[in-house]
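Just passing along the structure, written as structure tokens.
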Amino acid sequence: MELTQIRVLVSDFPGVYRFYRDVLGLQPQFEAESGPYAKLSPDTGHAAIALQERAQMAGVLGQLRARPEGYRALVVLRVDDLDAAHTELTSRGAVFTREPGPMGDRMRVAYLEDPEGNLIELQEWLALRERADGESAQEAQGT
């Protein structure tokens with residue numbers, strides 16, 4: 001089994017698409033501002049977030065519950081410099097629900113929401129965990 005993407009179901013596809021593209025700065029694999037589907041990646045290009053219009057998925061499934069209340073998903077993005085990312089995203093119109101701050105002794109985090117209330121966490125890793133063999137995750141990746 002292979003994970004290919006995490007898909008977020010949205011009602012206001014153009015608004016959410018513009019947020020992930022223009023505010024968060026993710027790169028679309030193809031332009032699809034009007035939907036009903038898009039896949040966007042950070043500059044590294046390894047992971048992806050897909051957006052899909054809720055109404056289209058309801059048609060595929062024959063049903064779909066009403067828009068969920070409360071947080072149903074958490075999109076996590078790692079950044080090298082949390083304060084710089086916070087400043088840049090704020091200048092693009094992002095409104096943070098929690099300013100940058102510590103999360104334990106290994107990372108700093110900040111939180112914001114997309115236009116439909118999906119929670120986004122930005123992480124800055126301060127220290128890497130060691131693997132069971134004593135090698136750091138960074139050493140294992142050859143960096």
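The values are calculated or read from the model by the stated rules, or taken from the named source; none is laboratory data. If you're wondering where the values come from, they're calculated on a predicted model, not measured in any experiment. Note that we place each Cβ from the backbone using ideal geometry, even for glycine, and neighbour counts take in every protein chain shown.
If D114 satisfies every condition in (1) surrounded by 15 or more Cβ atoms within 10 Å (Cβ to Cβ); (2) at pLDDT 95 or above; (3) among the acidic types (D, E) but one, which is the exception?
Only one criterion in (1) surrounded by 15 or more Cβ atoms within 10 Å (Cβ to Cβ); (2) at pLDDT 95 or above; (3) among the acidic types (D, E) is unmet by D114, namely (2).
Assess whether D80 counts as being of a type outside the set (V, I, T), in contact (Cβ under 8 Å) with a residue 40 or more places away in the chain and exposed (fewer than 12 other Cβ atoms within 10 Å of the Cβ).
The answer is yes for D80.
Of all residues in the range 18-48, which are at pLDDT below 90 and in contact with a Ser or Thr (Cβ under 8 Å, 6 or more places away or on another chain)?
Of everything in the range 18-48, those that are at pLDDT below 90 and in contact with a Ser or Thr (Cβ under 8 Å, 6 or more places away or on another chain) turn out to be A47, A48.
While we're here: Report those helices (runs of 4 or more DSSP H) wholly inside the range 1-101 carrying at least 2 residues which are farther than 21 Å from E121 by Cα and not basic (K, R).
Hits in the range 1-101: 54-61.
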